[in-house]
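*Asks:* Just passing along the structure, written as structure tokens.
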């Protein structure tokens with residue numbers, strides 16, 4: 001298999017942590033263009049880095065891409081995990097789901113390029129997706145899927161629909177939550193929109209209690 005990240009093979013620190021300008025420019029370009037559309041030469045020119053210096057730190061453009069993903073992907077995963085642990089004490093599926101949505105929106109507001117990048121990634125070729133998944137097995141941890149499975153086991157979700165359908169519905173709402181949000185909305189208005197979506201999910205896939 002072709003080598004992926006030079007800094008990992010050499011057991012060194014991610015070089016983008018030292019070249020913030022290179023990270024920022026890479027993130028800028030990869031969040032508006034696909035992998036193939038993005039020009040390595042253009043990135044290097046804009047950060048005034050010659051190819052000799054680049055290839056001393058990276059194998060190729062794909063190495064740069066993966067090194068960037070390590071920073072943005074793992075950072076976001078850690079952020080969400082910490083938010084869930086700190087802010088959600090309830091074992092209720094919908095309380096946990098609400099916090100995931102709120103935290104994701106907060107993260108996206110902090111870093112608008114994040115959603116744009118991952119949306120483009122969904123349309124990348126399968127070979128590139130497989131490489132990313134193999135490079136970052138921790139990003140394959142199905143946090144949402146685990147929550148759904150636990151909620152089904154605990155009797156919090158309706159048995160009217162099968163697990164994969166429930167997962168698909170929840171994932172659809174979460175990944176497109178920003179489409180319900182206007183850029184000029186206040187935090188209160190954003191939370192109200194989130195609560196509306198959670199209420200829709202409760203009524204559609206939640207257990208129907210007698211006193212509801």
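Here, each number is a calculation from the coordinates, and none is a lab measurement. A quick note: this is a predicted structure, and the numbers were derived from the prediction, not measured. Counting neighbours? That spans all protein chains shown, and the Cβs are built from the backbone with ideal geometry, glycine included.
*Asks:* Which of the peptides 185-191, 67-73, 28-34 is most tightly packed, and how do the rest follow, going by the mean number of other Cβ atoms within 10 Å of each residue? Can you show the working numbers first?
*Replies:* Working: 185-191: 12.3, 67-73: 20.3, 28-34: 16.9.
Top to bottom by mean Cβ count within 10 Å: 67-73, 28-34, 185-191.
*Asks:* With each run of n ≥ 4 DSSP H residues scored as -39500 (n - 2.57), what mean residue ellipticity at 222 nm is computed for the chain after dividing by its residue count and rounding to the nearest 500 deg cm²/dmol?
*Replies:* Values: 11 runs with 136 residues, N = 212.
That comes out to -20000 deg cm²/dmol.
*Asks:* Something else about it: Return the Cα extents of the chain along principal axes one, two and three, sorted largest first, each rounded to a whole Å.
*Replies:* Result for the chain: principal-axis Cα extents of 70, 41, 31 Å.
*Asks:* Just 137, 15, 112 to compare: in a GNM of the chain, with alpha carbon springs under 10 Å, which one fluctuates most?
*Replies:* Its mean-square fluctuation being the largest, the pick is 137.
*Asks:* Once you keep just the Cα pairs under 8 angstrom separated by 6 or more residues, what percentage relative contact order results for the chain?
*Replies:* Computed value for the chain: 21 percent relative contact order.
*Asks:* May I ask for the Rg/Rh ratio of region 1-75, computed from Cα atoms with Rh as the Kirkwood radius, given to two decimals?
*Replies:* Details: Rg = 11.5 Å, Rh = 12.4 Å.
Reported Rg/Rh, Kirkwood definition of Rh: 0.92.
*Asks:* If you don't mind, there's one more thing I want to ask. If region 151-212 were replaced by its equivalent ellipsoid, with semi-axes equal to the square roots of 5 times the Cα gyration tensor eigenvalues, what would those be, largest first, whole Å?
*Replies:* Working: eigenvalues 132, 42, 11 Å².
The answer is 26, 15, 7 Å, longest axis first.
*Asks:* Among 97-109, 170-182, 122-134, how do they line up by average Cβ neighbours within 10 Å per residue, starting with the highest? Write out the running numbers ahead of the final one.
*Replies:* Working: 97-109: 19.1, 170-182: 15.1, 122-134: 12.0.
The most tightly packed comes first, giving 97-109, 170-182, 122-134.
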